1. Give the residues of the range 40-60 that are within 9 Å of the ligand (Cβ to nearest atom) and aliphatic (A, V, I, L, M), sorted by residue number.
2. Name the residue that is farthest from ARG87 (Cα to Cα), counting only residues in the range 15-47 that are surrounded by 19 or more Cβ atoms within 10 Å (Cβ to Cβ) and among the hydrophobic types (A, V, I, L, M, F, W, C).
3. Assess whether GLY24 counts as being of a type in the set (Gly, Ala, Ser) and more than 23 Å from LYS2 (Cα to Cα).
4. Can you find a residue that is under 12 Å from the mean Cα position of the chain (by Cα) and over 25 Å from PRO5 (Cα atoms) anywhere in the range 40-59?
5. Restricting attention to the range 15-26, which residues are more than 8 Å from the ligand (Cβ to nearest atom), in contact (Cβ under 8 Å) with a residue 12 or more places away in the chain and over 16 Å from LEU94 (Cβ atoms)?
6. It is to be established whether one or more residues within the range 54-61 are in contact (Cβ under 8 Å) with a residue 40 or more places away in the chain and more than 21 Å from GLU16 (Cα to Cα).
7. Please count how many residues of the range 1-21 are at pLDDT 95 or above, out of contact with any Cys (no Cβ under 6 Å at 6 or more places or on another chain) and assigned to a loop (DSSP other than H, G, I, E, B).
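The values are calculated or read from the model by the stated rules, or taken from the named source; none is laboratory data. The model shown is predicted, which means the values in this text are computed figures rather than measured ones. Note that we place each Cβ from the backbone using ideal geometry, even for glycine, and neighbour counts take in every protein chain shown.
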Amino acid sequence: MKNIPYKKHVLVCMNETCKMQGSGKIYEKLKARIKELNLKQDYRPTQAICLGICGKGPNIAIWPEGTLYCGFTEDKIEDLIQKHLLRDEVLNELLYKKDNEG
Ligand code: FES
């Protein structure tokens with residue numbers, strides 16, 4: 001069941017570790033770009049406290065599907081919007097991997 005008021009929520013971790021790794025700028029640029037593209041009624045960037053995988057950041061979770069991206073960089077914002085948000089294409093190179101996965 002999907003009961004969120006947006007098509008997707010983009011949860012950007014703003015806790016200490018991710019913030020030191022640059023999540024603040026990513027959040028601001030993502031928010032501005034979504035607004036610029038007139039997408040803010042459907043896609044909502046939100047500041048999250050901690051996604052529980054500190055040190056792999058900046059980390060971003062997409063809901064409702066629950067995709068988790070790690071090591072996110074500013075140059076991936078456009079791909080996130082154009083591919084993941086608008087076309088449901090996962091950015092494989094940024095997907096979370098457990099430490100013992102390749
Ligand atoms: S500080 Fe970002 S996941 Fe914990």
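1. From the range 40-60, those within 9 Å of the ligand (Cβ to nearest atom) are 48-59; that's our starting set.
ALA48, ILE49, LEU51, ILE53, listed by residue number.
2. Step by step, filter the range 15-47, then rank; the result is CYS18.
3. For GLY24, the condition - of a type in the set (Gly, Ala, Ser) and more than 23 Å from LYS2 (Cα to Cα) - is met.
4. The answer is yes, given that some residue of the range 40-59 is under 12 Å from the mean Cα position of the chain (by Cα) and over 25 Å from PRO5 (Cα atoms).
5. Of everything in the range 15-26, just one residue is more than 8 Å from the ligand (Cβ to nearest atom), in contact (Cβ under 8 Å) with a residue 12 or more places away in the chain and over 16 Å from LEU94 (Cβ atoms), namely LYS25.
6. no
7. 3
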